[in-house]
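Accompanying notes for the structure given below.
The numbers here are math on the coordinates, done by the rules we state, and not lab data. Just so we're clear, the structure is a prediction, and the values are computed from it rather than from any experiment. Here Cβ is always computed from backbone atoms with ideal geometry, including for glycine, and neighbour counts include all displayed protein chains.
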Amino acid sequence: MPELPEVETIARAIESDVIGKTIVSADVRWARTLATPSAKKFREQVKGQKIIGVSRRAKYLILLLENYNLLIHLRMSGDLIVRKGKIKPEKHDRLILDLKAKNGGISQLAFNDTRKFGRVWLTDQPEKILGKLGPEPLEKTFTPKWLYENLRKRKRQLKPLLLDQTFLAGVGNIYADESLHIAKLHPQALSNAVSLKQAEALYEAIVSVLKEGIRRNGASIDWVYRGGEYQNYFRVYDREEKPCIVCGTKIQKIIVGQRGTHVCPKCQKVERK
């Protein structure tokens, strides 16, 4: 699933190609892609809307329209593709927006989603969807002090808590594993047992891996997302049975919170009390 760096990369990639263009029509090719409204209302409401901005919140990509917000969650296999002209839809296109520039040029923004898990919302009240999300880890609201205090308020295993989007927005399986390894914290360690020093290390790790992920255009590990190179720099993720880059111990893959999790058993020892 694309995480914060991958969604940020896609947002930046399409920004210059869509801002200022007007949606002249929408082809809803799989109605269940739309969480809201119905396909009929969607086509009616987006027609004539100018795209005035592109942003991201957590793992949501947001197209700012004149009167609405178009929220897109890529889920497992979604991607946004800009195409010049009006061309034949591809097999896994679920939604296509036909765009027109001021000079009359035609292009398309296609939501391509092989596994059909992605969802799109058209709304004038985006806070109803985004309001329960936790802080953005690359914004000023996320601090070492905030992280320490909020870890201590909960008694949960660290990795499932980091994946909880109401706790912290945008972190997924890849960047949680990488952050915990850098901070030398076991994914199963309890949040309320984390010291201030450990919380500070985890804060620095989260911020650094996300920034590095964005710098390298995200991670391309299979057919889900293409274009990034961060996968070439993984410390533990997808490196089962390979040596830890710090100590040489073989990386293990375990299950934590029903998620495959990569850990170095030497660098990331879980404290038993």
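Some observations on this one:
- Where only alpha carbons of the chain are counted, the Rg and the Dmax (Å): 20.2, 68
- The three principal axes of the Cα atoms in region 144-263 give end-to-end lengths of 38, 28, 26 Å, sorted in falling order.
- Label-point separation in nm, Ile254 to Lys50, each point 7 Å along Cα→Cβ: 5.6 nm
- The stretch between Arg43 and Lys128 holds 28.4 nm of extra length on full extension. This uses 0.36 nm per residue minus the Cα-Cα distance.
- Between Gly53, Gly228, Gly104, the GNM of the chain built on Cα springs shorter than 10 angstrom shows Gly104 fluctuating the most.
- Once the chain from Lys91 to Ala13 is taken as fully extended at 0.36 nm per residue, the excess over their C-alpha distance is 25.8 nm.
- According to the Cα-based calculation, Rg over Rh for region 89-170 is 1.16, with Rh computed by the Kirkwood formula.
- Measuring nothing but how far apart in sequence close Cα pairs (under 8 Å, 6+ apart) lie, relative to its length, region 168-273 scores a relative contact order of 29 percent.
- Relative contact order (%) - region 1-115, alpha-carbon pairs under 8 angstrom, separation at least six: 30 percent
- Helix-only [θ]222 nm of the chain, DSSP H runs n ≥ 4, -39500 (n - 2.57) each, per residue, nearest 500: -8000 deg cm²/dmol
- Relative contact order, percent, the chain [alpha-carbon distance under 8 Å, six or more residues apart]: 18 percent
- Our compactness index for region 4-130, the C-alpha radius of gyration over the empirical 2.2 N^0.38 Å, is 0.95.
- Ranked for footprinting exposure by Cβ neighbours inside 10 Å, fewest first, Lys211, Lys197 give Lys197, Lys211.
- Among 230-237, 173-180, the order from most to least packed when residues are scored by Cβ within 10 Å on average: 173-180, 230-237
- Comparing Cα centroids, region 96-122 and region 194-273 end up 33 angstrom apart.
- Maximal additional length on extending the Asn67-Asn192 stretch stands at 40.6 nm, based on 0.36 nm per residue less the C-alpha distance.
- With the simple model of a label 7 Å out from the Cα in the direction of the Cβ, Asn103 to Ile245 spans 4.3 nm.
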